[in-house]
Amino acid sequence: MGYKRLAELRPLRLDTVAAIGGLLIALALLPLRFFASQIYLKTVPIVLGTACTLYLVSLYQREHSKAFPRLPSEVSMALPSVVLVGLSALVLLTVIQGTRTIAFFGLASVVGTLVIAQIVFASERDLNPKLLLLQIVLFALVFRFTALYATPGYIGIDIWTHAELTEAIVTERSVGGISDDKHYASPFYHLLVAASSLLYDVPLRAALYLSVGIVMPISVLLVYATTNLLVSQRWATLAAALFGFANYVAMWGMHLIPTSLGLVFFLAMLYALIRVMRIEYTIRDFSLLLLLSVAVILTHQVSTFIMLVLLLAAFLAQLVFEVGPLGLARFDTSVFRAKKPVNLVGLFVFVVGLTIFVWSLTPYRQQSFLATVLSFFTETLEESAGFLNLAGGTSEEASGAAEAAPTLLEQIIPYVDNLGFLFLLAATFAGCLYVVHRRRAEQSVFTLLLAAAFMLVFVLGLPMFGIRNFIPTRWFAFLFAPMAVLGAIGIRTMVRGLEPRIVVSVLLVFVLVYPGAMIFAAESNTDNPVFNDHHEQLAYNEAELAAVDRIGELTGSPNGSEIRPDQRFHTDHPYQTVIWRTGAYPRSGTGIAEIPDGGAADHDYVVYRSTQSTGATYFNDADGNGRIKQVPQDRLCSPDQATIYTNGDVTICAASSASG
């Protein structure tokens with residue numbers, strides 16, 4: 001195996017220095033695993049070190065790209081048919097079994113692997129981007145709509161509130177129906193679903209699936225279009241697959257809330273932004289950017305903030321190249337076309353100003369949305385911020401509060417949930433190192449690099465200091481867009497630079513692991529969790545929904561001011577959320593049942609469902625901390641309580657004095 005001499009590469013160039021610096025940072029971060037058990041502290045340094053090492057090896061190895069093996073033409077031609085058969089089998093499995101089971105997710109992983117294998121291993125002659133994109137979109141549609149088909153109600157928590165808000169708009173025939181809610185100033189999602197219901201003459205649930213539900217899977221094409229502005233169709237198709245299979249992207253395709261529509265507009269914004277940086281744009285192109293920014297602002301507040309981060313990254317990329325530290329004149333035009341940086345000052349100022357104006361008028365908790373958010377952030381900084389203050393973190397950390405030593409499965413599950421993200425992160429690091437080379441750097445790729453870096457700070461950095469006000473779990477799907485583009489560039493770099501045997505080894509591991517890791521992650525199967533003892537189910541069967549309706553009928557759905565403490569209903573989380581989010585009983589009248597270790601609940605009104613004994617549901621302990629528990633019925637509904645309703649799966653119990 002031949003290697004280039006150090007002098008040939010001028011090792012002090014920026015990408016080489018960045019790779020060496022990244023390797024040193026990874027080594028410096030390794031000891032943090034001894035101070036906290038957070039999953040990313042244990043894994044990100046290893047991922048960063050691996051990516052930097054592979055990139056450095058690709059720099060110093062001599063070229064062997066011509067010897068890279070490809071799939072035989074017969075196999076490349078047969079695989080699309082195999083994928084279509086696999087997708088049909090996924091639909092058939094869901095219809096027969098009535099839900100998405102482990103067999104479904106296993107088969108989906110195989111189908112995903114076959115799609116990515118076609119992209120990276122097919123020869124140039126056999127590569128058919130249109131057919132591959134069709135497979136990716138069909139996979140996204142099948143994977144999401146089988147979950148929606150098998151679920152009687154909605155999937156998720158917030159969706160029930162948005163369904164009620166949309167119903168209010170339809171009833172009032174005006175956005176004034178939600179005038180007391182923060183979405184009054186961002187009603188585009190609710191108006192779209194309401195209009196679809198009236199236009200198609202279907203119930204709101206069907207209207208949601210026919211509008212936002214269909215748009216979400218198709219939006220992966222925007223990632224393809226964005227990446228194709230930078231690299232060839234093969235790698236643009238890979239970026240679309242990386243994004244389309246991602247766990248949080250799949251989740252927002254099933255939990256259809258304003259975040260979902262905000263993500264679609266964000267992807268369109270990202271495409272339009274990169275496009276004006278890569279072509280000779282006109283006023284029409286800038287008008288599209290303005291229109292999309294307004295659409296995001298009128299759809300969702302968190303999506304708006306993420307869009308501001310993207311625009312800030314683009315603006316800083318402009319400043320970098322106008323100041324000129326990277327040597328704008330040294331572009332390698334065979335990689336990226338040299339182009340003068342686009343002036344984004346006006347766009348950035350306009351979007352910031354409009355956002356502040358809209359948020360100042362948005363009602364939220366007796367104040368404006370802007371004032372409330374700033375007060376929450378200030379309170380966090382004063383009371384709970386601190387290095388490695390990880391309280392209030394992920395569900396696996398909350399469930400790990402038990403004193404008993406975790407089992408092997410409990411130790412493995414967090415890695416399974418995050419493995420796909422870590423693989424994508426490694427590819428992203430490699431892509432970032434590639435684009436910081438002086439001859440390859442330009443405003444568009446630096447925008448992606450800075451956007452991904454800033455989002456990673458909000459997703460991984462700030463939570464390590466106890467700052468979770470920005471709702472980091474909402475950011476992942478948006479973060480996956482620049483990561484998918486940079487990740488495709490990173491994998492392209494590895495293929496072109498590494499010795500063929502290493503390339504095949506790296507690609508095989510990636511192709512075999514990435515789709516399954518994303519599919520088996522908790523966010524991709526919230527309707528029926530693969531690890532149902534450790535992840536809560538965010539979908540309900542017909543009996544559970546019927547019990548919610550019955551609570552409303554029994555109580556008359558009173559308002560919150562009429563509820564006494566002894567009239568509160570207690571049950572598990574997340575089931576208690578659907579009771580008040582559907583309007584069956586007010587929020588002040590519902591709560592999470594408190595079940596002491598080894599004891600039973602002591603509440604006047606409790607709601608038991610069989611999932612509490614077989615799956616992962618949250619209850620409070622004696623200290624008020626939420627923990628995953630599996631409880632038998634007699635620990636929630638005691639024998640001396642009266643049963644006021646039961647349907648075989650859900651039972652409502654009341655203390656004898658309360659029922660009387």
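The values are calculated or read from the model by the stated rules, or taken from the named source; none is laboratory data. Bear in mind the structure is a predicted one, so any value in this text is a computation, not a measurement. Neighbour counts are summed over all protein chains in view; Cβ atoms, including those assigned to glycine, are modelled from backbone coordinates with ideal geometry. Heavy atoms of the whole protein, side chains included, go into the accessibility calculation; ligands, DNA and RNA do not. Shrake-Rupley method; radii C 1.70, N 1.55, O 1.52, S 1.80 Å.
What to note about this one:
- Residue list for the stretch 194-220, restricted to those being open to solvent by 70 Å² or more (accessible area, probe 1.4 Å) and assigned to a helix (DSSP H, G or I): L198, L199, Y200, R205, L210, I218
- The stretch 343-360 - residue that is touching a helix residue (DSSP H, G or I) at 6+ places or on another chain (Cβ under 6 Å) and more than 25 Å from Y281 (Cα to Cα) and, of those, surrounded by the most Cβ atoms within 10 Å (Cβ to Cβ): W359
- For the stretch 361-387, filtered to residues that are part of a loop (DSSP other than H, G, I, E, B) and open to solvent by less than 40 Å² (accessible area, probe 1.4 Å), the residue that is modelled with the highest pLDDT is T362.
- The C-beta contact set for the stretch 250-273 (first residue at negative phi, second residue among the charged types (D, E, K, R) and open to solvent by less than 10 Å² (accessible area, probe 1.4 Å), distance under 8 angstrom, 6+ apart or interchain) comprises A250/R144; G253/R144; M254/R144; M254/D527.
- Residues of the stretch 595-626 that turn out to be among the polar types (S, T, N, Q), at pLDDT below 90 and surrounded by 14 or more Cβ atoms within 10 Å (Cβ to Cβ), as a count: 0
- Of all residues in the stretch 558-599, those being among the acidic types (D, E) and either within 22 Å of A163 (Cβ to Cβ) or in contact with a Lys or Arg (Cβ under 6 Å, 6 or more places away or on another chain) (or both) number 1.
- Subset of the stretch 9-37 (residues that are modelled with pLDDT under 85, farther than 17 Å from T493 by Cβ and in a helix (DSSP H, G or I)): L32, R33, F34
- Whichever residue in the stretch 278-300 is of a type in the set (G, A, S) and modelled with pLDDT of 95 or more and, among such residues, is least open to solvent (accessible area, probe 1.4 Å): S293
- Every test in (1) crowded, with 24+ Cβ neighbours inside 10 Å; (2) within 28 Å of L208 (Cβ to Cβ) is passed by A268 save one, and that test is (1).
- For the stretch 552-570, a residue qualifies if it is surrounded by 17 or more Cβ atoms within 10 Å (Cβ to Cβ) and over 33 Å from the mean Cα position of the chain (by Cα), and the qualifying residues are T555, I563, R568.
- Count of the stretch 54-88 residues, restricted to those that are within 21 Å of I119 (Cβ to Cβ), of a type in the set (S, T, Y) and modelled with pLDDT under 90, is 2.
- Whichever residue in the stretch 571-582 is in a loop (DSSP other than H, G, I, E, B) and closer than 22 Å to R205 by Cα and, among such residues, is least open to solvent (accessible area, probe 1.4 Å): P574
- The set of residues in the stretch 532-551 being over 32 Å from the mean Cα position of the chain (by Cα) and not β-branched (V, I, T) consists of R550 alone.
- Entirely in the stretch 38-148, the helices (runs of 4 or more DSSP H) that have 1 or more residues that are open to solvent by 20 Å² or more (accessible area, probe 1.4 Å) and of a type in the set (D, E): 73-97
- Among (1) modelled with pLDDT of 95 or more; (2) over 23 Å from R474 (Cβ atoms); (3) of a type outside the set (S, T, N, Q) - the single one V578 does not satisfy: (2)
- For the stretch 627-648, residues that are under 22 Å from H534 (Cβ atoms), at pLDDT 90 or above and open to solvent by less than 70 Å² (accessible area, probe 1.4 Å) total 6.
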